[in-house]
1. From (1) surrounded by fewer than 18 Cβ atoms within 10 Å (Cβ to Cβ); (2) modelled with pLDDT of 95 or more, pick out the condition that doesn't hold for residue 330.
2. Considering only the range 284-315, how many residues are without any contact (Cβ under 8 Å) to a residue 60 or more places away in the chain, closer than 17 Å to residue 374 by Cα and part of a loop (DSSP other than H, G, I, E, B)?
3. Look through 53, 9 and report the one residue that is in contact (Cβ under 8 Å) with a residue 40 or more places away in the chain, closer than 30 Å to residue 221 by Cβ and not in a strand (DSSP E or B).
4. Tell me whether the range 379-397 contains one or more residues that are at pLDDT below 95 and crowded, with 24+ Cβ neighbours inside 10 Å.
5. Which ones in the range 306-327 are under 21 Å from residue 161 (Cβ atoms), surrounded by fewer than 24 Cβ atoms within 10 Å (Cβ to Cβ) and in contact with a strand residue (DSSP E or B) (Cβ under 8 Å, 6 or more places away or on another chain)?
6. Considering each residue of the range 249-268, count those that are under 17 Å from residue 339 (Cα atoms), assigned to a helix (DSSP H, G or I) and either without any contact (Cβ under 8 Å) to a residue 40 or more places away in the chain or within 22 Å of the chain's Cα centre (by Cα) (or both), and give that number.
7. Within the range 173-193, take every residue that is buried (at least 17 other Cβ atoms within 10 Å of the Cβ) and closer than 21 Å to residue 141 by Cβ and give me the one that is modelled with the lowest pLDDT.
8. Examine the range 26-36 for a residue that is exposed (fewer than 13 other Cβ atoms within 10 Å of the Cβ) and under 17 Å from residue 102 (Cβ atoms), and state whether such a residue exists.
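The values are calculated or read from the model by the stated rules, or taken from the named source; none is laboratory data. Being a predicted model, the structure only gives us computed values, none of them experimental. Cβ: placed from backbone, ideal geometry, glycine included. Neighbour counts: every protein chain shown.
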């Protein structure tokens, strides 16, 4: 179908008959007559009095504020009146404690109004940052097209940002590029799918699915916690479990990973793919979810995506820091999952500030004021593991381990070859039970013979939920 009007989008996304307009009549009297005529014609053509509609409504029963572009009104361009309308709506949403959903379809600043309209993007951005500072969610849906100053301001400030399939999204208008450079802008660069692939957007979502996505996001960000229901695993870890056997077990292809925790212990999960810094590294997974009924942000090293060709690099850690910032701003617990063979050892990683990103992750996680739990799930190698370790409470699966280098690397440094890797693993106190004895880990989840991945995933999630519920770093053995 063709492009939807703002009214049609509101009808599609909000619950039936729940929309309440916040818009006041627009006074065009101060504009030149020719421009007033254009505004009147745009209003007649679009059925809207300006390029944006604002108000409140319900999404699956939850109240939200909405800001929606009307592209048929002068290409959705934002003039002074439209900017003021958006700013008022954001301020009103903040005062009412409402989540905010914005849907854009715009060519950017309205050229007929020039600089006075252009600088109003600052007012919108300031209002949005106040909204975010109040711990209130801001969700953005970028429609076709979204360009210019809108994309460079309120279109890029969402906690969750998705694009419409096939939407043209970018800062630079192709016509402007062609006029400046004498050649067409490269095809596909500004497509929503390309921006998602490069970590600019969290996902590409059909407009028909926007209501369902908003429902899942708000279930995590707005709804209160449910009572945890998964049983905690009883029993003690085995002190005699061999360190090298644990190392080899965690390297097995069928070893539990972060995705299993979400699959078997989470619900209402919304993956967030973007680093929002123009890069994407899927060695780290970020998601909004409810673990055993408790809302949280999860950031986990994803063993199913990490490998020799895609090691844990600086972009993955920048993505992790985005998750930490989200948790702090939205006042949600953060759960980190450590499961890495080690950070990227390459020229690109060095030039991409790998060490600095490890340090910044450690600093950000160590200073978060929301409840934090780190899960040592499998391999815990080097600085990449350290980046997600310093939570208030650390939980380890029984076979998990933590070491400054893989045992083979430690053996090479000490003995000049990898032949003593097993002995180095035993010597370096890498096991979960050693970490528990040393106070690095606060809880160890026993791994039982015959465990399926689902069994262990539910047991780990149950321990995480117990830690989040108590929110104390007391030492415990289930």
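1. Here residue 330 clears every test but (1).
2. Matching residues across the range 284-315 total 1.
3. It is 9.
4. no
5. Hits for the range 306-327 are 322, 326.
6. 6
7. Per the criteria, the residue is 173.
8. Checked against the condition, which is being exposed (fewer than 13 other Cβ atoms within 10 Å of the Cβ) and under 17 Å from residue 102 (Cβ atoms), the range 26-36 yields no hits at all.
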